[in-house]
Amino acid sequence: MYSAETALWCALLAPFCIGFVCTALPGARIALRVMCGCMFATALAGCIAIQAVYKTGPVRLASGWLFLDPLSAFHYGVLLLVFCLSSVYALLYFGQELRTGRMDRRQGRLFSGLWCFACAAMTLVLLSNNLGIMWVGIEATTLVTAFLICIQVSRQSVEATWKYIIICSVGMAFAFTGTLLIGASAKGLQLGSHDVLLWTVLRDSACGLEPRLIQAAFIFLLVGYGTKAGLAPMHSWLPDAHTQAPSPVSALFSGFLLSTAMYCIMRYIPLVEAATGTTGWSRRLMIGFGMFSILIAAVFIVSQKNLKRFLAYSSIEHIGIIALGLGLGGVGVFAALFHTLNHAVCKTLAFFAAGRLGQLFGTYELREIKGALHRSPVWGGGLFAAILALIGVAPFSLFMSEFLILKAAMDSSLFLVSALLLAGLGTVFICALGYLLPLCWQQSPHGNPDRGVFITAEAFLVYIPLITLLALGLWMPESLQSILREAAHIISGTTTASAIAGIGP
């Protein structure tokens, strides 16, 4: 029987080691299969560690420099879910690309290796108790995932890759400055050099941090990590990267890469609030950036012509909703974490469906994709349901998390914020339906319905996420409520049991 510590070491190191194996294998298909197997083995080890967190408390590694607590365990569970689903989809998606000659053997091996490295880098971010190591992990995700964008080389994909590298590197420079300022704010605590950036140490001594320095640090950190998360106005890399990347990569970006950066911001909120006397200073910034992201996304969604670009701006909208929930505090934090899970599942499915339909129609242009339900009932139906969920149609779980965030704003008497939130969500709702109805229902100029080679696996990738979104919209298990409450408590420092009211019958 493996201990939780051993399982966690395996979950961190296995993807890193298997990544090198995948790049050295002779064939692309075998590399993709090994990569997929690695993700499920990693998930098994990760689940052992996550279970231990909720049974016996945080799991610590490397003299406390790495640890897994309820907040990181929740995000790690979402990461494993997204990677497992996306790995199966990648096996099918790139199998089709290999058959049609749009991908060669070298590209398949390289993708498999980089995919494993991306998993290892994101895991490092979530396990980091040292804020400097957390920054290193985020920077590593930039370097690894940049090459995933242009794995199928074209002028547009290379341009999107460079844009992603340059903008996110500038953001990481801001985050690095903020990390240094966090260390400087702890100068009066007389901490040792090994402890000065440990999150658990700073949390326990947060009242002694220098308020002005930590406020300056949070501004740099919010801009820096917010760039990687896709918060407006630092979002300009995101639409191009999502549009040009292969669909499995787009699914990973929206499903969890953006949430990885948001997780980093979550770690700093309790430090800032404790150091500034719980005045809500950091939360007001989160509300501002969140609302701006929602409104900017709504404006750009009005004029979209490309399916994947539309989904990219939808990601900016939903990251803004998460930021808004974090800024509202209390019930809003609980709802923001719930929305993180809901968005990860739903946006992963949406990009799965968009990628498969793009292969069938040979384009992602909205005006050329017609009758998707006739052409592919499985993927057309999956896209139809996923977009309905994304725009907040009941009874999908995204409606519930958005409702809770709106309720938190109303309970705080932030009526202008509530009105702007409804305006942004309403604009996206109307525009998305305008794109969705002809895309799915209009008569298709293409021929007979596609029956697909992997119809069982494809149905699994569609129905499992949809059933999850429907089930969580109607009923939230007590175990998930407890997980979200514990994670929210770390961010807000207050109980959020009242958030349970109104979630399902």
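Where a number appears in this text, it was derived from the coordinates with a stated rule and is not lab data. Predicted model, so just to flag it, every value in this text is computed and none were measured. All Cβ positions, even for glycine, are placed from backbone atoms using ideal geometry, and neighbour counts span all protein chains on display.
Structure data summary
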{"read-out": "Full-extension gain in nm, LEU480 to THR200, via 0.36 nm per residue minus C-alpha separation", "value": "98.4 nm"}
{"read-out": "Karplus-derived HN-Hα couplings along segment 313-329 (A = 6.51, B = -1.76, C = 1.60, θ = phi - 60°), whole Hz, x at Gly and Pro", "value": "5, 4, 5, 4, 4, 6, 5, x, 5, 4, 4, 4, x, 4, x, 6, x"}
{"read-out": "Per-selection Kirkwood Rh - segment 284-505 (Cα, Å, 1 d.p.)", "value": "17.9 Å"}
{"read-out": "Label-to-label distance, nm, for residues given as GLN442 and ASP104 (7 Å Cα→Cβ offset)", "value": "3.8 nm"}
{"read-out": "Unit charges at the beta carbon, dipole of the chain: most positive-side option, PRO58, GLY108, PRO477", "value": "GLY108"}
{"read-out": "Over the chain: helical MRE at 222 nm, DSSP H runs n ≥ 4 each giving -39500 (n - 2.57), nearest 500", "value": "-25500 deg cm²/dmol"}
{"read-out": "Estimated vicinal HN-Hα couplings, Hz - segment 282-293 in sequence order (Karplus 6.51, -1.76, 1.60; Gly, Pro = x)", "value": "5, 5, 5, 5, 4, 4, x, 5, x, 5, 4, 5"}
{"read-out": "Table column - 3J(HN,Hα) (Hz), segment 370-380, Karplus curve with 6.51, -1.76, 1.60, x for Gly and Pro", "value": "10, x, 4, 5, 6, 5, 8, x, 5, 6, x"}
{"read-out": "Restraint check, LYS347/LYS407; LYS228/LYS407; LYS55/LYS347, Cα-Cα greater than 26 Å", "value": "LYS228/LYS407; LYS55/LYS347"}
{"read-out": "Cα centre as origin, Lys/Arg/Asp/Glu Cβ charges: segment 1-127 dipole, Debye", "value": "420 debye"}
{"read-out": "Nonlocal amide H pairs with LEU66, under 5 Å, H built at 1.01 Å", "value": "LEU61, ASN129"}
{"read-out": "Cα-based equivalent ellipsoid, segment 152-279: semi-axes from gyration tensor eigenvalues, Å", "value": "34, 13, 12"}
{"read-out": "Long-range Cα-Cα pairs in segment 1-127 (distance over 17 Å), rounded percent", "value": "55 percent"}
{"read-out": "Residue order, fewest to most surrounding Cβ atoms within 10 angstrom, among ASP240, ASP411", "value": "ASP411, ASP240"}
{"read-out": "Compactness of segment 359-433 as Cα Rg over 2.2 N^0.38 Å, two decimals", "value": "1.42"}
{"read-out": "Reachable aspartates and glutamates from LYS187, criterion Cα separation under 12 angstrom, eight or more residues apart if same chain", "value": "ASP195, GLU210"}
{"read-out": "Crossing angle, helix 455-474 versus the chain [Cα axis fit, 0-90 degrees, rounded to tens]", "value": "40 degrees"}
{"read-out": "Option label - semi-axes √(5λ) of the Cα gyration tensor in Å computed here, alternatives (1) 44, 26, 23; (2) 34, 27, 21; (3) 33, 31, 22", "value": "(2)"}
{"read-out": "Total charge dipole magnitude, segment 148-285, about the Cα centre, Cβ charges on Lys, Arg, Asp, Glu only, Debye to nearest 20", "value": "140 debye"}
{"read-out": "Angle in degrees between helix 478-492 and the longest Cα principal axis of the chain, rounded to the nearest 10", "value": "50 degrees"}
{"read-out": "For segment 295-366, the fraction of alpha-carbon pairs in successive 10 Å shells from zero, as %", "value": "20, 40, 29, 10, 1"}
{"read-out": "Linear extension gain, LYS305 paired with VAL393, 0.36 nm per residue minus alpha-carbon span", "value": "29.4 nm"}
